[in-house]
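**Q** Just passing along the structure, written as structure tokens.
The values are calculated or read from the model by the stated rules, or taken from the named source; none is laboratory data. Keep in mind it's a predicted model, so treat the numbers as computed, not measured. Here the Cβ positions follow ideal geometry from the backbone for every residue, glycine too, while neighbour counts run over all protein chains shown.
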């Protein structure tokens, strides 16, 4: 069992690893999006598919950014008895 004093360090590491995974997925989503734009895939009528798929890299990048902010909060926050 972890000591209460080591929990912020564990949370910091988990947040950094989670951010790294999200940024890898965002990069893969960006490559997929670039391929879709290059190929000119259409969903229906003349609507390009990439308009709807742009959420994939953007979403993972935003989630990764949030994990970075959470990791920074672990570093900057003063330890309390509850954390």
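**Q** For residues that are in a loop (DSSP other than H, G, I, E, B) and surrounded by 14 or more Cβ atoms within 10 Å (Cβ to Cβ), scanning just the range 38-83, find the one that is modelled with the highest pLDDT.
**A** As a first pass, look at the range 38-83 and keep what is in a loop (DSSP other than H, G, I, E, B): 40-41, 45-46, 49, 54, 77-83.
Then drop every residue that is not surrounded by 14 or more Cβ atoms within 10 Å (Cβ to Cβ), which leaves 49, 54.
Numbers: 49: 92, 54: 96.
Checked the range 38-83; the qualifying residue modelled with the highest pLDDT is 54.
**Q** Sticking with this one: Of all the residues that make up the range 10-37, how many are under 15 Å from residue 71 (Cβ atoms) and either in a loop (DSSP other than H, G, I, E, B) or free of Cβ contacts under 8 Å to residues at least 60 places away in the same chain (or both)? Working first, answer last.
**A** Going residue by residue through the range 10-37, those that are under 15 Å from residue 71 (Cβ atoms) are 10-23.
Within this subset, residues satisfying the condition of being either in a loop (DSSP other than H, G, I, E, B) or free of Cβ contacts under 8 Å to residues at least 60 places away in the same chain (or both) are 10, 13-23.
Number satisfying all stated conditions: 12.
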